[in-house]
Amino acid sequence: MGSRSWLSLTAWRNWSFRHSFSSTGLKSTTTDLGGGTVMHCWVPKSHNPSKPSLLLIHGIGANAMWQWGPFISPLARHFNLFIPDLLFFGDSHSTRPDRSERFQAECVMAVLEAHGVRKVSVVGLSYGGFVAYSMAAVFPESVEKVVLICAGVSLEDRDMEEGMFQVKSVDEAVEVLLPRTPEMVKQLVQLTFVKPIKVLPNCFLNDFIEVMCTEYRQEKKELIQALHKDRKLSNLPKITQPMQIIWGEQDLVFPLELAHRLKRHVGEKAELVIIKNAGHALNVEKPKELYKNIKSFLIDPLISSKQENHSNGHMVDQEA
C-alpha cells in the first residue's frame, strides 16, 4: 500500500482482507478470457483433490473480500474455495457491452474451467445469487448444489410498478445501491439492516465511496438495469439441483414474498430457510446463523458421507 493508502480506512481494510485470504491458503489470480474481458478470482494455492470445490459469489455492495471475509476460514477446511470478483468489481472488467447475469455466469465458469474445476457447488449473495442461478441453469452438468441468499431471482418487472419495493423505479434503486454521498450510504444501511449501525462518520463514508463506489459506476448501473428489464417468472428456468434459499425475514431490498415465490417455482428440490430479526445484509448482520445453515446444507452431508465410507471400509476389512 502507498503512503496515501495508509490514510484510508477502506484501503487498509482491503489490505487486511487480502492478508486474511492469503493466510487461509488462497491466492489472487487474474484470467484473461479474451474479447477484452479479464476476471479476478481467489483460488486455492494448492488444490486438494480430496475436497470438493465451492464457489462464493458476492453481491453489488463491494468486492468479494468484503462480503465473504468472515466465512472463508471455516469453509476452507472442507472445500477448495473459488471466490471471484464479478465483472466491474474489484479487478474484474470487460469491454464487451453484455450486462446480463448469464454473461457473468459464463465468465465465472470459464475461470473455473481455466483452473481445472469440473464440478462445483455455488453460494450466491443477492446479485451474486442471480449469477449463481444462471450458472446452475446453463451448466447443470457442472453445478452440483446451489445456495441463494436474499437473491430476488423470481422478481418480475411489474413488481416495482405494483409497489413491492421501497424504491419506485430502477433509477431510484441505482441511486440507493450505488451511493454517491454519505447520506445515501446511510440510507442504504437503513434499507439493508434491521439494526443499522448508528455511528457512521462522514469521513469514513466518503472514503468508502471513493474507494468502492466510483470505479465502473456506469457499468454497475447497467447491471442493475439489466436485472429488471422485461423480467418475468415464466421465463425463469426451473433448475434441478438441490437448492437452499436463505432469506432475512425483514429484507426490504428483496422482500420475503420473492423467497416464497422462488420456492414455489423450483418445487421440492428447494428448501427455504427464513432468518428472524434479519434484513438483506445477512452476511454482516447474522453471519453465525448464515454459516450454520450453509453448513447444514453443504458440509454436514459431506461429513456424514466420509463417516459412512470410513465405517464401510472397516466392515470390509473385518470381513476380509
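Taking Asp85, is it buried (at least 18 other Cβ atoms within 10 Å of the Cβ) and of a type in the set (D, E, K, R)?
yes
Report the residue count in region 160-187 for those that are touching a residue at least 60 places away in the same chain (Cβ under 8 Å) and either of a type in the set (Gly, Ala, Ser) or not in a loop (DSSP other than H, G, I, E, B) (or both).
So the count comes out to 2.
Have a look at Phe89, Phe130 and point out the one that is in a loop (DSSP other than H, G, I, E, B) and either closer than 21 Å to Thr240 by Cα or out of contact with any Cys (no Cβ under 9 Å at 6 or more places or on another chain) (or both).
Phe89
Going by the conditions given, is Val138 surrounded by fewer than 24 Cβ atoms within 10 Å (Cβ to Cβ), out of contact with any Gly (no Cβ under 6 Å at 6 or more places or on another chain), closer than 17 Å to Cys41 by Cα and touching a residue at least 12 places away in the same chain (Cβ under 8 Å)?
For Val138, the condition - surrounded by fewer than 24 Cβ atoms within 10 Å (Cβ to Cβ), out of contact with any Gly (no Cβ under 6 Å at 6 or more places or on another chain), closer than 17 Å to Cys41 by Cα and touching a residue at least 12 places away in the same chain (Cβ under 8 Å) - is not met.
State all residues of region 213-251 that are assigned to a helix (DSSP H, G or I) and either in contact with a Gly (Cβ under 6 Å, 6 or more places away or on another chain) or among the hydroxyl-bearing types (Ser, Thr, Tyr) (or both); if no residue qualifies, say none.
Ser234
Any residue at all in region 40-54 that is part of a strand (DSSP E or B), buried (at least 23 other Cβ atoms within 10 Å of the Cβ), in contact (Cβ under 8 Å) with a residue 60 or more places away in the chain and touching a Gly at 6+ places or on another chain (Cβ under 8 Å)?
no
Out of Gly61, Gly90, Gly69, I need the residue that is within 18 Å of Ile294 (Cβ to Cβ), buried (at least 18 other Cβ atoms within 10 Å of the Cβ) and of a type in the set (Gly, Ala, Ser). Which one?
Gly69
Of all residues in region 252-308 being among the β-branched types (Val, Ile, Thr), in contact with a His (Cβ under 9 Å, 6 or more places away or on another chain) and part of a helix (DSSP H, G or I), which is surrounded by the fewest Cβ atoms within 10 Å (Cβ to Cβ)?
Out of the qualifying residues, it is Ile303.
We did not get these values from a lab; they are worked out from the coordinates using the rules stated. Quick caveat, the model's predicted, so the values are computed rather than measured. Cβ: placed from backbone, ideal geometry, glycine included. Neighbour counts: every protein chain shown.
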